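Worksheet for the structure shown next.
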Amino acid sequence: MRCPFCAHDDSQVKDSRPTEDSTSIRRRRQCTSCGARFTTFERVQLREVTIVKSGDRREPFERSKLEHSVSLACRKRDVAQEQIDQLVSGIQRQVETSGEAEVPSSRIGELVMDGLRQLDTVAYIRFASVYRDFSEARDFEEFASTVQEAAKGDGGNG
C-alpha cells in the first residue's frame, strides 16, 4: 500500500479489525520509509459494475462517490456515520448482487432515495432536490408536501 505522506510503495499492517457493521476491515498501517501511520479499509467487491449515466456515458461504480452524496445529504443532521455506512453498504450490495454488469444511475438514485426516506426526512428532501433537479422554491414545496403526507400515513420519521 502506497504511503499517502511520502508515496513509498511499502507499508506494514500494525492492526486489523472489522468495522462495526462487519462490511469491511479497518487496517492501521505504518510506512516502512517515513514511519507515518495511516488507516485503510478493505471491502469485498463482488463484481465490476458499470454505471450508465445520462447521455449513455459509462463509468465504473465507485462506492466513495455514493458515500459522498449520501454524506452531503445528511450533513448537519442527526445521522450517525455508522447509519450512512450501512445505507451505502446496502446499496452497494444490491448493485453488485443484481446480476447486471451495467446499472442505470437512476436506479442507484432511487435506492438512495428509498434509504434516505427511512433514515431522515430532511436528508431525503436534500438528496431529492439535486437528484430530481429542483429549479424553483415551488418544486421544494410540492415535494415536501408529498413527503409530509406520506409521513402522516406511516407514523412519521426524521
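Figures for the structure shown
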{"read-out": "Filtered residue count, the stretch 14-66, keeping only those that are exposed (fewer than 12 other Cβ atoms within 10 Å of the Cβ) and of a type in the set (Val, Ile, Thr)", "value": "2"}
{"read-out": "Pick from the stretch 26-60, criterion in contact with a strand residue (DSSP E or B) (Cβ under 9 Å, 6 or more places away or on another chain) and of a type in the set (Ser, Thr, Tyr), ranking: nearest to GLY109 (Cα to Cα)", "value": "THR50"}
{"read-out": "Residue match in the stretch 42-64 (condition: of a type outside the set (Val, Ile, Thr), touching a Cys at 6+ places or on another chain (Cβ under 7 Å) and not in a strand (DSSP E or B))", "value": "no"}
{"read-out": "Every residue from the stretch 104-158 that is modelled with pLDDT of 75 or more and in a loop (DSSP other than H, G, I, E, B)", "value": "ASP120, ARG132, ASP133, PHE134, SER135, GLU136"}
{"read-out": "Answer residue from the stretch 24-41, given it is assigned to a loop (DSSP other than H, G, I, E, B) and of a type in the set (S, T, N, Q) and is farthest from GLY99 (Cα to Cα) among those", "value": "SER33"}
{"read-out": "Test: residue in the stretch 70-77 that is small (Gly, Ala, Ser), within 11 Å of the chain's Cα centre (by Cα) and assigned to a helix (DSSP H, G or I)", "value": "yes"}
{"read-out": "Test: VAL49 is modelled with pLDDT of 85 or more and of a type in the set (A, V, I, L, M)", "value": "yes"}
{"read-out": "Number of the condition not met by ASP21 [criteria: (1) assigned to a strand (DSSP E or B); (2) within 26 Å of the chain's Cα centre (by Cα)]", "value": "(1)"}
{"read-out": "Residue satisfying all of: in the stretch 130-145; surrounded by fewer than 12 Cβ atoms within 10 Å (Cβ to Cβ) and not acidic (Asp, Glu); nearest to the chain's Cα centre (by Cα) among these", "value": "SER135"}
{"read-out": "Matching residues, the stretch 67-114, being crowded, with 17+ Cβ neighbours inside 10 Å and of a type in the set (Val, Ile, Thr)", "value": "VAL70, VAL79, ILE84, VAL88, ILE91, VAL95, VAL103, ILE108, VAL112"}
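The values are calculated or read from the model by the stated rules, or taken from the named source; none is laboratory data. Since we're looking at a predicted model, the values are computed, not measured. Quick reminder, even Gly has a Cβ in these numbers, built from the backbone with ideal geometry, and neighbours come from all protein chains shown.
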